[in-house]
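Report on the structure given below.
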Amino acid sequence: MTNIQLSQDPYNLIIAGVGGQGNVLASRVVGNMLSRKGLTVTIGETFGGTQRGGSVMSHLRISSGSAFSPLIPRGKADMIIGLEPTDTLRVLGTYGNPDVKTICNMRPIHPVQVISGEPSYPDLEDAKNWIRELSRDAWFLDATDVAMEMGAAILGNIILIGALAGLNELPLDREDFENAIGLTFSGEKVQVNLAAYDKGIEMIARNGR
Amino acid sequence: MQVYGSKELVEDVLNKDLCIGCGACVDLCPYFKTYKGKTAMIFPCTVQQGRCHAYCPKTESDLTELSMSLFGKPYDGSPMGHHEKILIARAGDKVHPAPFQAGGAVSALVTFAMKNGMVDAAVLTGRTGLIPYAELVTESESVARFTTSKYMAAPTLSAFNQGVKQGFQKIGVVGTPCQMTALAQMSINPLHTENFKDSVALKIGLFCTWALDTRKLAAYLSSRLDITGIKAMDIPPPPAEILVLDMGGKTIEIPLSEIRPLVPRTCLLCPDMTSEWADVSVGVLEGEPKFNTLIIRTRTGQDLVDKAVAQGFLTIREMPAVNLDHLSAAASNKKKRALAGAMEEGLLNTAENGKRAMMRIEKAVVERILA
Amino acid sequence: MSILTNGEPGKRYLLMGNEAIARGALEAGVSVCAGYPGTPSSEIIESLSKVAGNRNLYVEWSTNEKVSMEVAAAASFAGLRAMCPMKQNGVNVGSDFLLHLALSGTRGGMVIVPCDDPGALSSINEGESRQFARLLEVPLLEPGDFQEAKGITRWAFELSEELHSMVFVRSVTRLSHASGNVEFGELPQVNPKAGFKHDGFILDEMEGIITSAPVDYKHGLQHAKLKKAVERFENSPFNTYQGPEHPELILVTSSACNFYCREAIGLLDAGDRVGLLKLATTWPLPPKLIEKYLSMTDRFFVVEEVIPFTEENLKILAQEMAPRIGIKTIMGKRDGKLPMVGELNPDIVTQALAGLLGLEYKPQPDDYVQRSREIVTRAPNRELTFCPGCPHRASFWTINNVLKMDNRQGFVCGDIGCYTLSTLPTGFSASKTLHAMGSGTGVASGFGKLKQFGMDQPVLSVCGDSTFFASALPALFNAVHNQSDITMVLLDNSGTAMTGFQTHPGLKTGAMGQEVPAISIEAVCRSIGAKVKISDPFDIESTRNALFELLEENGVNVLILKQICTLSPEKKAKKKFEVRVMAEKCLGESCGCGRLCTRIFRCPGLIWNKDKGKAEINDVICIGCGVCGSICPNAAIEKKEVA
């Protein structure tokens, strides 16, 4: 197994977003990185129509001991990575607690009701304040914008993994990332993903962008 | 006239089985559609005050308001409505002969109005099999395709709405009393739209005692004969009491008593036999199958008839007094029946409790009609 | 290149539960795997199909679950190890075959893997396959974590082969679709030779004929097999107990609920008060093992999904043992301590356990709960919708419009696939009945015979291309033969789109990527005498006309609406049209439009710009199908063909 001492055991990480944002891949990559370190990782997914505009959430339970439930108990998240602001809020409501930390990508994805002009999407500054209010620490990144500058919006998820690594809360290192991303991609795509990972570390070091 | 939206139109007309399928609400928007003589709302619309409701002849049509606006005087409930003159007429020599229902006066007037430039398009009603359809006609040569009566509720005004959308500004319409009512409501700008332009240049109204439900008639006839063989239909004036089907070579007669159950209930609540809101109304003439009755109501109507006669499109004569009496009695009967029925159902004049009616007539006028 | 075959024995890998099951089968030397796609089971076959080439495996997507069982059983009859994974509904589909297979017996190891979906996360029922094990009288195993998913699958093959009976390995969504660490064992070098022996003594299980008759003999044999299974179960290392020797209470659990129980005990710090008996061999329960634990204390709390299956079986045993061990209190679902419906989770189990132990459990501070509740109401919910440019949206648009215009209260009998969403606003709520695969057409076939009782509503059914082959065909044949009046709308998007584009008999590629003959839906329908029309659902006008025409026809009509799924890997996201809204022509909320595109059609590629009062196109999301351009009442949406 491993001698790694985690700040919390199990350490509970949630990656939340909307179907199509690369949430499942991100959780698998983080899981594989930590698994390589000898940690025991359990990943659960909750989805409501992953490819159909629904909310998607991955729960990662990270432990130096045994496997935990694929569902994190209410109020027990240690870290929330939100790929979308309002989904981040929803996850905080259920799994947050006064000690939770949050990294949030600030690119909104409007639900179909908002698109169709019924309820309105909250103001992004309000959303930031609410996330701060419900978290001990919160970092806000324009990951999708940067990802689009890098060539593909989908890289936003990898930027956020880089950001998580940059916080040094978990034993995430670049070599493990390269290895884990190599399970899914090869060649040039690995390089693009590495660049996004590095970008995330850089962005979080500047405390968001 | 209080204007609501599609929600109220559905509640007050479609759901109460008062819709005749005239087409006034069709092709204004994506929501009301017509198919085989029936009008349906395919999705809900949230517009609070809509043209669909404003134009519908079965929402609370305010006959006094219409009369004031069209004729400059209140609605008085006289059997044949406001009119300048009643004549008999038939198509003149300038009109190509066609299988006319009676004297061919309608075809003559439409053809003339188009040639003369009085209208730039005409809305007419045709028939495919037993399904009536509306068409916007821009060539006077096409008019002959639309002769003979249909006796079925038809979505004629959908073609008018299409014509407006296409930018026609002088449209002539041939239609039934309910359709004339809708057109009259359109022309009074019920929604008080800015830069309102009335595109109705000519309203030729048809006499109508009732129409037949398209689908019920089709079902009734197709269970008895091959409906594709029907060339023309005729309901000769009383006392014949038959529907005559021209099957090309032979005719089939069906007693009206069998046909009457196919009349939509909304026709039995209609007080108008002679298209009182038209510029000129046209009907058959009792005892003279090759002539029409002509009721001239407006200056537009008078002007059209005068010019058509002058240029050989129409021949006119005085109406014999006995015919006039019969016509008046029939029109009066329809009014009485309709008003009595509407009162019984609470469809005459919106009540204080807010229950919405289908027509509004001054109390004194109602009393006079029913007297 | 898959970890499933490249991973090194003795090392741990992060695997999805379904992959762990697949690895277990590989470690058991499985030769044939057949199934029908269905969440949460599909990845078992998908992951095996990727390694089929280098493991001499035969993997197929069968037309439906029953056929897949028959295919797998044939392999078993020929001496091979065979596996048949499916979602819970699949067991229902194949149960007729299984009831006979239980008596006929098997030869090579035959493992049925039903993946149940407690909470119906991706289903429209939460049926239980465990009931079937009891009904069929076959052994049932339930893995309690990822390592066991692999280990128990492997063991199931050995057990099946020893008993000459199929064995059930039951998974659930939270195991199949979750991931955890799995230590690999060795992959055997297998090179089995298949052959079917059938001319031995008629009752010889290995060499005679394979049949369920004579029934009394075979049924007796099956009971003998079950007895043997129970003997193995008494000593199975997969049944575990953790906790004090004299606990106040023992939690009895299986499957994913094992996780929730462990979590609950941890959260309540109750490890010295309660024990946890995790059972892997849940039917038949091994009585000696049960008696041992029932004797340890007086109170038991059974935690399981969905029905009180183990609870009831345990109560039967406890009653039988009562003269020896005394009366026990067995709690769970029947007494309302746990809900009878829906999936469980750590919170439900923790709260229930806290109640039993007289503890209070508060997951979040009160003020945090209150404030977060206020805030979360500001986040608009995400409702389920067809994808941008989904052909189903266009199809149901036309179906709805035609039925409404037709004005005879026509309706659609719905079916299973993405288009199940047509019961919701995204499909204009067109579908009015919804049951099993293929049931739409079967139910329609019945409705279509009710004219003699005065029913004159037009009857439609919808059916996807995969569903057509899986189970709509018998219903369609029924409708033709019995002269029902229906119109089946075949939503052909060229793949089993809902579960991830698995192949089906209408396609040219097999599960392992090989080229296979494709069966033409059109030709099948024509050959049975149905009137067939084909249209592109994106062509609204011709689709509408085709449907109107068919509604006039008596008998069975089929309208094939052919347009490839937007997400299909074959589609490669190429836009057909560049679409834009000409703001000056957009009527917006005014009379004549009332926001038709964004209020009713509601493709996510369209945006309502409140400030401008105009519709817009979201270029990032729009896939360029151009349908919104056809429906705009004022021709304000321009579509330009992309060169």
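Run through the DSSP bridge list for chain C and note the antiparallel percent, rounded to the nearest 5.
30
Non-local amide H neighbours of B:Leu243 (under 5 Å, H modeled in plane, Pro and chain starts lacking H): which ones?
Sorted by chain and number, the residues that satisfy this are B:Ile254, B:Leu256.
From other protein chains only, count the Cβ atoms within 10 Å of every residue's Cβ in B:26-34, then give the mean.
Average neighbour count from other chains, rounded to a whole number: 5.
What figure in square angstrom, to the nearest 10, would you give for the accessible area of C:His223 with a 1.4 Å probe?
So the heavy atoms of C:His223 present about 90 Å² to solvent.
At a probe radius of 1.4 Å, what is the per-residue accessible area of C:Leu561, in Å² to the nearest 10?
Spelled out: C:Leu561, probe radius 1.4 Å, area about 10 Å².
Using heavy-atom solvent-accessible surface (probe 1.4 Å) with all chains present, what is the largest-first order of B:Arg51, C:Arg107?
Sorted by accessible area, descending: B:Arg51, C:Arg107.
With springs only between Cα atoms under 10 Å, which of B:Ala240, B:Ala113, B:Ala218 fluctuates most in a Gaussian network model of chain B?
Taking springs between Cα atoms under 10 Å, the residue moving most is B:Ala240.
Among the DSSP beta bridges whose two residues both lie in region C:391-562, what percent are antiparallel, rounded to the nearest 5?
In region C:391-562, DSSP labels about 10 percent of beta bridges as antiparallel.
Could you give the spread of the C-alpha atoms of region C:59-155 along their three principal axes, from largest to smallest, in whole angstroms?
Answer, in whole Å and largest first: 38, 29, 27 Å.
Normalised by the residues of chain B, what does the relative contact order come to in percent, with Cα pairs under 8 Å and at least six apart?
Once normalised by length, the contact order is 23 percent.
For region B:254-334, which semi-axes, largest first and in whole Å, follow from the square roots of 5 times the eigenvalues of its Cα gyration tensor?
Three semi-axes, in Å: 27, 16, 13.
Calculate how many DSSP beta bridges within region A:11-205 are antiparallel, expressed in % of all such bridges and rounded to the nearest 5.
The antiparallel proportion sits near 55 percent.
Please give the solvent-accessible surface of B:Leu327 in Å², to the nearest 10, using a probe radius of 1.4 Å with every protein chain present.
Result for B:Leu327: roughly 20 Å² accessible.
In Å and whole numbers, how far do the C-alpha atoms of region C:210-289 stretch along each principal axis, longest first?
So the extents along the principal axes, rounded to whole Å, are 56, 23, 18.
With springs only between Cα atoms under 10 Å apart, run a GNM on chain A and tell me which of A:Asn12, A:Asn179, A:Asn32 wobbles the most.
A:Asn179
Give me the inter-chain shielding for C:363-374: mean count of other chain Cβ atoms within 10 Å, whole number please.
4
Rounded to a whole number, what is D in µm²/s for region C:391-562 from Stokes-Einstein with the Kirkwood radius over alpha-carbon pairs (20 °C, 1.002 mPa s)?
Calculated translational D: 136 µm²/s.
Could you sort out which of A:Lys199/C:Lys575; C:Lys50/C:Lys87; B:Lys38/C:Lys585 sit more than 22 Å apart by Cα distance in this structure?
Result: A:Lys199/C:Lys575; B:Lys38/C:Lys585 exceed 22 Å.
Of C:Glu263, C:Glu186, C:Glu126, which has the most accessible area with a 1.4 Å probe, and how do the rest follow in descending order?
Of C:Glu263, C:Glu186, C:Glu126, the descending order of accessible area is C:Glu186, C:Glu126, C:Glu263.
Label-point separation (nm) for C:Arg273 and A:Gln8, each offset 7 Å from Cα along Cα-to-Cβ?
It works out to 2.4 nm between the two label points.
Looking at region C:241-357, how many pairs of lysines come closer than 21 Å at the Cα, when each pair is eight or more places apart or spans two chains?
Lysine pairs, 8 or more places apart or on different chains, close enough: 14.
Kirkwood-based Rg over Rh for chain B (C-alpha set), two decimals?
0.94
Which three semi-axes in whole Å describe the equivalent ellipsoid of region C:495-643, each the square root of 5 times a Cα gyration tensor eigenvalue, listed largest first?
35, 22, 11
For B:Lys36, go through the lysines and keep the ones whose alpha-carbon is under 23 Å away, minus same-chain ones fewer than eight residues off.
Cross-link targets: B:Lys7, B:Lys16, B:Lys58, B:Lys150, B:Lys165, B:Lys216, B:Lys231, C:Lys404, C:Lys451, C:Lys531, C:Lys533.
Using all alpha carbons of region B:46-174, what is the percent of pairwise distances in each 10 Å bin, ordered from the shortest bin to the longest?
Over region B:46-174, the share of Cα pairs per 10 Å bin runs 11, 31, 38, 18, 2, 0 percent.
So how compact is chain C: Cα radius of gyration and Dmax in angstrom?
Reported Rg and Dmax, both Å: 27.7, 87.
Quick check: pseudo-label points 7 Å beyond the Cα along Cα→Cβ at C:Asp204 and C:Glu320, how many nm apart are they?
3.5
List the aspartates and glutamates whose Cα lies under 16 Å from the Cα of B:Lys290, skipping any in the same chain that are fewer than 8 positions away.
Here the aspartates and glutamates satisfying the reach criterion relative to B:Lys290 are B:Asp93, B:Asp234, B:Glu318.
How long are the semi-axes of the equivalent ellipsoid of region A:11-205, defined as square roots of 5 times the Cα gyration tensor eigenvalues? Whole Å, largest first.
24, 20, 16
So what is the relative contact order of region B:104-231, in percent, for Cα pairs below 8 Å that sit 6 or more residues apart?
That works out to 26 percent.
Quick one: compute the contact order of region C:276-367, relative version, from alpha carbon pairs under 8 angstrom and 6+ residues apart, as a percent.
26
Grab the beta carbon distance between B:Lys115 and B:Glu318, set R0 = 35 Å, and tell me the FRET efficiency rounded to 0.05.
FRET efficiency, B:Lys115 to B:Glu318: 0.85.
Work out the P(r) tail for region C:302-395: percent of alpha carbon pairs separated by more than 16 Å, whole number.
I get 73 percent for the Cα pairs in region C:302-395 exceeding 16 Å.
Using every pair of alpha-carbon atoms in the protein assembly as shown, split the distances into 10 Å bins beginning at 0 and state the percent of pairs per bin, rounded to integers.
Computed distribution, short to long bins: 2, 8, 14, 17, 16, 13, 10, 8, 7, 4, 1, 0.
Report, as a whole number in µm² per second, the diffusion coefficient that Stokes-Einstein gives for region C:241-357 at 4 °C and 1.567 mPa s using the Kirkwood radius over alpha carbon pairs.
93
How big is region C:187-242 on each of its three principal axes, counting only the C-alpha atoms and giving the largest first in Å?
For region C:187-242, the Cα extents along the three principal axes come out at 50, 38, 12 Å.
If one puts a single equal scatterer on every Cα of region C:319-364 and applies the Debye formula without solvent, what log₁₀ I(q)/I(0) results at q = 0.27 Å⁻¹?
The computed values of log10 I(q)/I(0) come out as -0.99.
The values are calculated or read from the model by the stated rules, or taken from the named source; none is laboratory data. Note that the structure is predicted; figures quoted are calculated from it, not measured. Using ideal geometry, Cβ is built from the backbone for each residue, glycine included, and neighbour counts are taken over all protein chains shown. Keep in mind that these areas ignore ligands, DNA and RNA; they rest on the heavy atoms of the full protein, side chains included. Shrake-Rupley method; radii C 1.70, N 1.55, O 1.52, S 1.80 Å.
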